[in-house]
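The values are calculated or read from the model by the stated rules, or taken from the named source; none is laboratory data. Keep in mind it's a predicted model, so treat the numbers as computed, not measured. No Cβ is skipped: glycine too gets one built from the backbone with ideal geometry, and neighbour counts run over all protein chains shown.
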Amino acid sequence: MEQLNGIQSSFLAIEQSVMPLVVSSVGIYRASDKTDFPVIRQAFLNGIARFPVFRRRLLSVPAGLDHPYWIEDPDFDVDCHLQQIALPKPGNWHQFYLQIARLQATPMHRDRPLWQAFVIDGLDSLSGIPKGSFAIIMRVHRAIADNGTLNEMMMRMHSLDATLPVAGGSSVCTREIRPGNGQLLTSALRNHASRWWSGGSIVRRSYARYSRQREAALDMPELPPLPATRFNCSPSTFRVVCHLPISLHDCEQMRGQVPGSTLADVVLTLIGGGLRNYLLRKGELPVQSLIASLPQRLSGELHKPSKKGAAGNVRVALHSDCERPLERLRRLQQENMAARARDPAADLALLNDSSELLLPALLKLGGSGYVRLGVRAPLAHNTYINGVYGSDHSLYFAGAEMLQSFALAPLLPGSALTHSISRWGGSLTLGINACREALPDPDGYLKSLQEAWQSMRDTLLPGDSTTSIEDDLVESA
C-alpha cells in the first residue's frame, strides 16, 4: 500500500466528468500471421506482472481527511481493462481520429485500476499504413503517470524482435490486507501532524525561492502579456484528435541554421507558425505572441530517454507574431536557453509539499471552483506542449512491428489545446488533443501546420533536400 503525494491527489481532485485527466499512447502495428487478440492479451499480462501500478486501485480515506492510497486490487481482471474494437468501413484516418477522440472524452471508473487499453482493427484505409494493421490505444490517469512515464513503461513492454510472448509466469493475483476506517483515520491524524510540523520549513523555502526568482528575473527575457484566444476556454465533453509526422532528418538540418538550437526549438517554431496561420485564417491572430507551457527538460527528452523524477514547467513565447521562420527559431532558441537555466523542479517540489498540507476534501472544493472559473481564472498559457522519447530501433509488441507512435496529453481548465511531441525512429510526431468547440476543424489546423512546415523547409533547408512535404504528412480525412 502506497499513499499518493499532494500533486497526484490534486489531479484526482480537479478532475471532472467533462474533463478526464488521462494521458494516452497511440501505437500502430503491422500485424504478423501469428498476432491475434489472445497473443496481444498475453503480452499485456506479461507487462502488467512487471508493473504493479497497473494492478493498483484507489483506497479513499473516510470524509477525504487524508490523501488516498494505492492498494493491490484483489479482484483485478485484465479483461476489464483490455478491449478489442473495430473501425467502421472504410476505416480511414478521419474515423480513426474520431474513435480516439471519443476515448479521450471518456472518464475512468475509480473502483478499478486507472488504466485502459484498446486494440483497434479495421485500419485498411489508413493511407501509408499496410492493410491488416492494428492500433493499440493505452490510456492512463494522470495521477499514475505523465506522458513520459507512460511512454517509458510502454517501451519496456515491447521487444526488439518479433518473438511472441510466452504464457506462464504472469500471475498478477496479489493480496493485501485492507486497513479499516479506524486505522486510516489514525494514520491521517498522524500524517497531518507531521506535515503541519514541517509547515514552517515550507514557508522559509518559499520565501528563499521567491527571492532567487526575483534575482533571476533580471536575466530572463520578459514574456509579452498573455492574449486570450479561442483555445482559452473550459473544455467541453467533446474532443478532436489528429497527428502530424515530420522528418527528424529535416529538423536536424534546420537546427543547424541557428547555432545552439535544439529539436524542441524547431518543433516549437513549427507550432508557433501553425497557430499563426490558423488564427490568421480565422481573423483572430492577436498582436502579442501566444504563450506555451512546457517541461523544462523538453529539449533533453527529445534527444535521449527522459530521466526519472518529476520536472517543472516553464513558459515561453511561441512568437506567433513573427512571420519569418528563421527569426522565430532564433528568438525561441534564446528564450529556451534562458528558461533551461532556471530550476522549476524546485517550484514543483514546493507545490507538492504545500498541496500535501491540504485535505483532499479541500483540494476537491478548490478544484471544482477552479473548473467553474474557467477563463475567468488567471490564464497560464495558450497551449501546453510536452515531449517523449521512444526508440531509435524497430520495436515489436506481440510479434507485430510498430509503424507509428504518438502521445496525447489531457486538457485543463482555460486551455483547450495540447501538443505532444514524440520521437520514434527517424521521425518526430506531433500529437494534437483539443476541445471540439475550440478547434472545430482539426483538418484546417493540420493544413496550417503543413503550410508552416513547408515555409520552414523553404527557408531553413538547403536547396538539395531530398524529402518533400508529401512524404511527411498523413491524410487528415
Going through region 451-477 one residue at a time, which ones are under 18 Å from S420 (Cβ atoms) and modelled with pLDDT of 95 or more?
A452, W453
Within region 83-141, can you find the residues that are crowded, with 20+ Cβ neighbours inside 10 Å and among the basic types (K, R)?
R139
Scan region 262-298 for residues that are in contact with a strand residue (DSSP E or B) (Cβ under 9 Å, 6 or more places away or on another chain), within 15 Å of L417 (Cβ to Cβ) and surrounded by fewer than 20 Cβ atoms within 10 Å (Cβ to Cβ) and jot them down.
S293
Test D219 against the stated conditions and say whether it is assigned to a loop (DSSP other than H, G, I, E, B), at pLDDT below 75 and more than 30 Å from L58 (Cα to Cα).
yes
Among the residues of region 259-288, which ones are among the hydroxyl-bearing types (S, T, Y) and at pLDDT below 95?
S261, T262
Region 1-28 residues that are under 30 Å from K131 (Cβ atoms), paired with ones that are of a type in the set (F, W, Y) (beta carbon under 6 Å, 6 or more apart)
V26/F406
Taking S320 as the residue in question, decide whether it is closer than 18 Å to H419 by Cα, at pLDDT 80 or above, in a loop (DSSP other than H, G, I, E, B) and out of contact with any Cys (no Cβ under 7 Å at 6 or more places or on another chain).
yes
Within region 366-389, restricting to residues that are modelled with pLDDT under 70 and aliphatic (A, V, I, L, M), the one that is nearest to L428 (Cα to Cα) is L379
From (1) within 22 Å of I137 (Cβ to Cβ); (2) at pLDDT 90 or above; (3) surrounded by 15 or more Cβ atoms within 10 Å (Cβ to Cβ), pick out the condition that doesn't hold for I48.
(2)
Report, by residue number, each residue of region 399-415 that is outside any strand (DSSP E or B), farther than 18 Å from I432 by Cβ and in contact with a strand residue (DSSP E or B) (Cβ under 8 Å, 6 or more places away or on another chain).
P413
Matching option when the condition is in contact (Cβ under 8 Å) with a residue 60 or more places away in the chain and β-branched (V, I, T), among I120, I100, I85:
I100
Residue list for region 64-98, filter: of a type in the set (S, T, N, Q) and in contact with a Leu (Cβ under 6 Å, 6 or more places away or on another chain)
Q95
On the basis of being at pLDDT 90 or above, over 24 Å from L98 (Cα atoms) and either outside any loop (DSSP other than H, G, I, E, B) or of a type in the set (F, W, Y) (or both), does H249 make the cut?
yes
Per the list (1) part of a loop (DSSP other than H, G, I, E, B); (2) at pLDDT below 80, residue check on D392 breaks on (2)
In region 416-437, residues that are at pLDDT below 90 and not in a strand (DSSP E or B) total 2
Restricting to region 130-171, give me the number of residues that are part of a loop (DSSP other than H, G, I, E, B), aliphatic (A, V, I, L, M) and under 30 Å from L21 (Cβ atoms).
4
Have a look at D73, D79 and point out the one that is in the same structural domain as P130 (by TED's automatic domain parsing), more than 16 Å from F397 (Cβ to Cβ) and in contact with a helix residue (DSSP H, G or I) (Cβ under 7 Å, 6 or more places away or on another chain).
D73
Cβ pairs under 8 Å, 6+ apart, first in region 227-253 and closer than 16 Å to D458 by Cα, second aromatic (F, W, Y):
I246/W453
